[in-house]
Amino acid sequence: MSSHSTVSLKDQVLNGIIKENTIFKLALSLCPSIAVTNSLKNGIFMGGAVLFVQVMVNTTISLMRNVIHPKVRLPIFMLVISGWVTVTQMLMAALAPEVNAKVGLYIALIVAFASILARAEMFASKNSLLPSMADGLGMGIGFLFALTTISFFRELVGKGSLTVPTGLATDHVFTFINTKPVLLMILPAGGFFAVGILMAGFNWINARAAAKAAAKTAPAAH
Amino acid sequence: MEATKKEHELIVSVSPHVKSDETTSRIMWTVCLALLPAFLSGVYFFGLKALFITALCVLSSVIFESLYLKVVDKKSAVGDGSGFLTGLLLGMNLPASLWSFSPFTVHIPIIASFVAIVITKQLFGGLGYNVFNPALIGRAFALISWPRAMTIWMTPTASILAMDAKTTATPLGILKEEGIAKLIEVFGDKVSLYEHLLAGNRAGSIGETSVIALLIGGLFLLYKKYITWHIPVAFLGTAAVIAWVFGGKEGVLTGDPLIHLMSGGMMLGAWFMATDYVTSPSMRKAQLIFGAGCGALTMLIRLKGGFPEGVMFAILIMNCFAPLLDRGFRSKVFGAVKTAKEIKK
């Protein structure tokens, strides 16, 4: 894990998006990434909720890190996390009730996300405010990015449409294919296909980028 | 001088010293040959559409395999025939009615081939490493994604060239929806029903209908010792017993096992799908349990499930257990001594 102030804030944010992407790299939180990603709208809302909780939890824990006794730190982390999840759930119920009806169950489950507790324990409780916020922002954006990509792919292939939240009473639904899309992709089994394929693609692109960067910094010695 | 020197040279090599001339590609092409009678009967009953669908599957399987191997920079293994065999099996598992341009369903075999070759086989490490039977995963993907198009069955036509055909239900579909009395009524009488099923003159996937052609192929593989009797016999035996005991409407022991054995994909599944080397156990006792599991699950789905046919899902479920079954029946190493832990047990 990256520690203390040797890393710049920008790199700290990028770390959560690329190097330690919750879903594509650490393969954590796969349950919501399969359960709620059958439409783009649900994916965006779920990702947004996690982003919010991750940033707020990291901020709170970082501020409290000097007054939490190490022996009781885990129950305190859990209290903070469940507090912010409750806030998220109330916000969601007030602002987007019909999305809440669909993904509400999974919002409550954010309490049990390994990635959030792990960042609180390994990063926020050891670092000062700004790096912790940057870390939470990076991790949350990484999660939002993964969920958006997965739900984009699944809805496009599985339904032939894309549901984009507009903030108005009705969402804008783009329809691309009217006949027979790949129905399996919006079923739960298709979620595994989608996550697997996108994970492979993400890592392939990263490996290529890393190889290119390595070739640039160290020109072949011969 | 040179020659005599060579005569006295010793050849030093590591074991095995006696090599069989069997190769992977030879086995694959022999299985393709064994499938030929069933394929020809499919073309005979369902016309050129059957030929086009199968050719499309074979072609796209081979192309996807060579493309994938090129992308990942592996030595090309297209020549071993395994991609060809997967494509052939996949094509024979699809309904001939997929060769239709309005509504357009020709893309389905191509996508199914992609799922079979790239996702099920190559992404798991290529030939020998796949957990599931590639052709069956391809078919399962297609069936779940396009349930309507995948269950339009053509009536067998007399003329090979006929491109228009009436659609009808499969014998298992009639059995599930309307019962055995209706099934016998459709085919005339019971003897005529058996005759139609035996010859393959009924609605169904391209390569699954002709029991006699599949038996010729299966027995040929058995004679060539490419498969053993364990899986097919356990598969068909278990299914027959369950069909006889629980298959009847009037109570136990009134079912008709012959109808169940000769309809659906039972023969194709038992002889060619469940016996796939990679996805079935290699220990004899494990093979018996594997076959029995396939038979029992097939009949469970047919009699109690939502689908009229269950061979595909039964084999795929048992594929998961193949490595476990092999571990459970590992042969004893000759001369091995029991460890203290094993004695305690």
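Test of understanding: express the Cα radius of gyration of chain B as a ratio to 2.2 N^0.38 Å, with N the residue count.
Dividing the Cα radius of gyration by 2.2 N^0.38 Å gives 1.11.
What is the projected area of the convex hull of the Cα atoms of the range A:10-214, averaged over all directions, in nm²?
12.6
Would you mind telling me which residue in B:Ile301, B:Ile11, B:Ile212 has the biggest mean-square fluctuation in a Gaussian network model of chain B, where springs connect alpha carbons within a distance under 10 angstrom?
In the Gaussian network model the winner is B:Ile11.
In peptide B:136-145, how many Cβ atoms from other protein chains are near each Cβ within 10 Å, on average?
Values: counts 0, 0, 0, 0, 2, 6, 2, 1, 7, 11.
Shielding by partners across B:136-145 averages 3.
Can you list which of the chymotrypsin sites (Phe, Trp or Tyr not before Pro) found in the range B:275-345 are DSSP loop residues with at most 12 other C-beta atoms within 10 Å?
Taking the range B:275-345 and a limit of 12 other Cβ atoms within 10 Å, the loop chymotrypsin sites (Phe, Trp or Tyr not before Pro) found are B:Phe334.
Residue by residue through the range A:190-198, what is 3J(HN,Hα) from phi via Karplus (6.51 cos²θ - 1.76 cosθ + 1.60, θ = phi - 60°)? Round to whole Hz and write x for glycine and proline.
3J(HN,Hα) across the range A:190-198, in whole Hz: x, x, 5, 4, 4, 4, x, 5, 5.
Using packing as a proxy for protection, rank A:31-43, B:114-126 so that the peptide with the highest average count of other Cβ atoms within 10 Å comes first.
A:31-43, B:114-126
What 222 nm value per residue comes from the helices of chain A, counting each DSSP H run with n ≥ 4 as -39,500 (n - 2.57) and dividing by all residues, nearest 500 deg cm²/dmol?
-21000 deg cm²/dmol, from helical runs alone.
Going by amide H atoms built from the backbone, whose H comes under 5 Å of the H on B:Trp153, apart from near neighbours?
Answer set, sorted by chain and number: B:Thr168.
What do the square roots of 5 times the Cα gyration tensor eigenvalues come to for the range B:177-230, in whole Å, largest first, as semi-axes of the equivalent ellipsoid?
Over the Cα atoms of the range B:177-230, the semi-axes work out to 29, 10, 10 Å.
With r defined as the distance between the Cβ atoms of A:Ala93 and B:Ser13 and R0 fixed at 56 Å, what FRET efficiency is calculated, to the nearest 0.05?
0.15
Using helices alone, I'd like the mean residue ellipticity at 222 nm for chain B: each DSSP H run of four-plus residues gives -39500 (n - 2.57), total over residue count, nearest 500.
Details: 15 runs with 190 residues, N = 345.
One gets -17500 deg cm²/dmol as the mean residue ellipticity at 222 nm.
Taking the range B:21-85, which trypsin sites (Lys or Arg not before Pro) meet the DSSP loop condition and have no more than 12 other C-beta atoms within 10 Å?
Values: sites: B:Arg26, B:Lys49, B:Lys70, B:Lys74, B:Lys75; in loops: B:Lys74, B:Lys75.
Taking the range B:21-85 and a limit of 12 other Cβ atoms within 10 Å, the loop trypsin sites (Lys or Arg not before Pro) found are B:Lys74, B:Lys75.
Excluding the sites themselves, what is the longest stretch of chain B that contains no GluC sites (Glu not before Pro) in a DSSP loop with at most 12 other C-beta atoms within 10 Å?
For GluC sites (Glu not before Pro) (loop position, at most 12 other Cβ atoms within 10 Å), the longest site-free span of chain B is B:23-249.
Out of the range B:147-240, which trypsin sites (Lys or Arg not before Pro) are coil in DSSP terms and have no more than 14 other C-beta atoms within 10 Å?
B:Arg148, B:Lys166, B:Lys224, B:Lys225
State the three equivalent ellipsoid semi-axes of the protein assembly as shown, derived from the C-alpha gyration tensor as the square roots of 5 times its eigenvalues, in descending order and whole Å.
Gyration-tensor ellipsoid for the protein assembly as shown: 50, 34, 25 Å.
Per 5 Å bin from zero, what fraction in whole % of the C-alpha pairs of the range A:1-102 is there, up to the bin with the longest pair?
Pairs per bin, as whole percents: 2, 10, 15, 20, 20, 18, 9, 4, 1.
Averaged over A:183-190, how many beta carbons belonging to a partner chain fall within 10 Å of each residue's beta carbon?
Other-chain Cβ atoms within 10 Å of each residue's Cβ, averaged: 3.
Once the Cβ-Cβ distance between B:Leu48 and A:Leu74 is put in as r, and R0 is 45 Å, what FRET efficiency do you end up with, to the nearest 0.05?
For R0 = 45 Å, the calculated efficiency reads 0.05.
Ignore the peptide's own chain and count Cβ atoms of other chains within 10 Å of each Cβ in B:101-107; give me the average, rounded.
Details: counts 0, 0, 2, 2, 2, 0, 2.
If you average over the peptide's residues, the count of other-chain Cβ atoms is 1.
Throughout, read-outs are computed from the coordinates displayed, never taken from laboratory work. Note that the structure is a prediction, hence the values are computed from the model and not measured. For neighbour counting, all protein chains shown are included, and Cβ atoms are generated from backbone atoms with ideal geometry for every residue, glycine included.
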